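See below for the structure under consideration.
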Amino acid sequence: MLVLLNRSLKFFVVIMLSLCMISISYAEAGRAEKMSILDIDADGNVDAPTDGLLILRSMFGLTDDALTTGLVVSDAASIGSVDIASRIKMLGDLADVDGNGNIDALTDGLLTLRYLFGREGNTLVAGVVAADATRTTAADIEAHLKALMLAL
């Protein structure tokens, strides 16, 4: 009887540990999706029509209402232009997608926007990589942007 009880207890512990590990894995997967530094409006999604355009508008120098008008969705956690600008500022040098030391709307901004629209390969980089860039290939730029999707 004691052996049966001991086996049952071991079985129960193994099942509970397995369930805990599954729960932790699921929670971490969900958290990673919502923690991208590119999720500028903090709505849990990184997408071109909001986050990409907010980054691009900021690189063009737009601020306050001009930055956010028409782009921030109602369920976003950071809906004010000050919050949005703060989240964009957090990108810092990471926003220099092509690695030339300058954050520019017509290179870095367009690369980010194209990537968020799903462009890859030559359609991602054609005509927008700066001449003095250190990341010049689609593979290098895709790797940098992919890392930003997971960063924070």
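Bear in mind these aren't lab numbers, they're just calculated from the coordinates by the rules spelled out. Everything quoted here is computed from the prediction, not taken from an experiment. A quick note on method: Cβ atoms are made from the backbone with ideal geometry, for glycine too, and the neighbour counts reach across all protein chains shown.
Some observations on this one:
- Shape call, the stretch 48-150: gyration tensor on alpha carbons, a/c limit 1.5: prolate
- Segments 91-101, 57-67, 38-48 sorted - mean Cβ within 10 Å per residue, highest first: 38-48, 91-101, 57-67
- For Asp47 and Thr134, a Förster radius of 30 Å and the Cβ-Cβ distance give a FRET efficiency of 0.65, rounded to the nearest 0.05.
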